[in-house]
Amino acid sequence: MKIYTRTGDDGTTGLLGPGRVLKCAPRVEAYGSVDELNAVLGVVRAHDTQGWLAQELESLQSRLLSLGAELAAADPAMLGNLERIADADVAGCERLIDRLEANLPPLKNFILPAGSPLAAQLHFARTVCRRAERRLVELQREETLSPVLVRYLNRLADLLFVMARWANRRAEVAESEWRGGKR
């Protein structure tokens, strides 16, 4: 099978199931943002040279592919053939957050998204995750989506924030607290 089909040259793309939509359609924006997040997590994995979070990141990437497939399935009949995001995935994020936070000091101030290369990439992934979450909320205004999808991305963004803090702590890089613009 060739990678190019030329069918998208007119600015449309196919979904899982029949039909085509514009590449700028809200559904395409939503799953495109999830795909971007997945690619950013690939960059995060490349920065995890010690393999501290390798298994967790690979699992998250797999779940994001499932989420993207669910978003690309405009035909409800297609959903039955997919591995879908569920409340158990949200709970899995929460368990990992709790495990990682157990090794962190409590936050007393906002922190700047910085630190070790791994932590900085995790902070970047968090912001891409929040954008994907906003795209899903926007899509929900027009189409019915499983509410667990937004909950999953919301919790995933929290997890990425905690992972960034944890990575800085593990690398012995101090967090930079935001001072409210005061010097």
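A few points about this structure:
- Cα-centred dipole magnitude for the stretch 1-134, charges only on beta-carbon of K, R (+1) and D, E (-1), debye, nearest 20: 300
- For the chain, the carbon plus sulfur part of the accessible surface works out to 52%, probe radius 1.4 Å.
- In the elastic network of the chain, a GNM with C-alpha springs shorter than 10 Å, the most mobile of Thr12, Thr144, Thr49 is Thr144.
- Coupling constants for the stretch 10-22 follow from the phi torsions by the Karplus curve (6.51 cos²θ - 1.76 cosθ + 1.60, θ = phi - 60°), and in residue order they are 8, x, 10, 9, x, 9, 6, x, x, x, 9, 9, 5 Hz; glycine and proline get x.
- In the stretch 27-174, taking the dipole from charged Cβ atoms about the Cα centre, the farthest positive-side position among Leu118, Val28, Ala74 is held by Leu118.
- Estimated 222 nm signal from helices in the chain, with DSSP H stretches of n ≥ 4 weighted -39500 (n - 2.57), rounded to 500: -20000 deg cm²/dmol
- Within the chain, longest stretch free of exposed chymotrypsin sites (Phe, Trp or Tyr not before Pro) [DSSP loop, at most 14 other beta carbons within 10 Å]: 5-109
- Stretchable slack from Leu112 to Trp52, in nm (0.36 nm times residue separation minus alpha-carbon distance): 19.4 nm
- For the stretch 105-183: relative contact order, % (alpha-carbon pairs under 8 angstrom, 6 or more apart): 50
- The stretch 82-119 and the stretch 46-62 have Cα centres separated by 13 Å.
- In the stretch 104-161, trypsin sites (Lys or Arg not before Pro) in a DSSP loop with at most 13 other beta-carbon atoms within 10 Å: Lys108, Arg141
- Amide hydrogen neighbours beyond the local backbone of Ile111, cut-off 5 Å, H modeled: Trp178
- Per residue, the chain exposes 58 Å² of solvent-accessible protein surface, assessed with a 1.4 angstrom probe and all protein chains in place.
The values are calculated or read from the model by the stated rules, or taken from the named source; none is laboratory data. Note that the coordinates shown come from a computational prediction; the quantities given were computed from them, not determined experimentally. Note: ideal-geometry Cβ built from the backbone for every residue, glycine included; neighbour counts use all protein chains shown. Just so you know, the surface numbers come from the protein's heavy atoms only, side chains and all, with ligands and any DNA or RNA stripped out. Shrake-Rupley method; radii C 1.70, N 1.55, O 1.52, S 1.80 Å.
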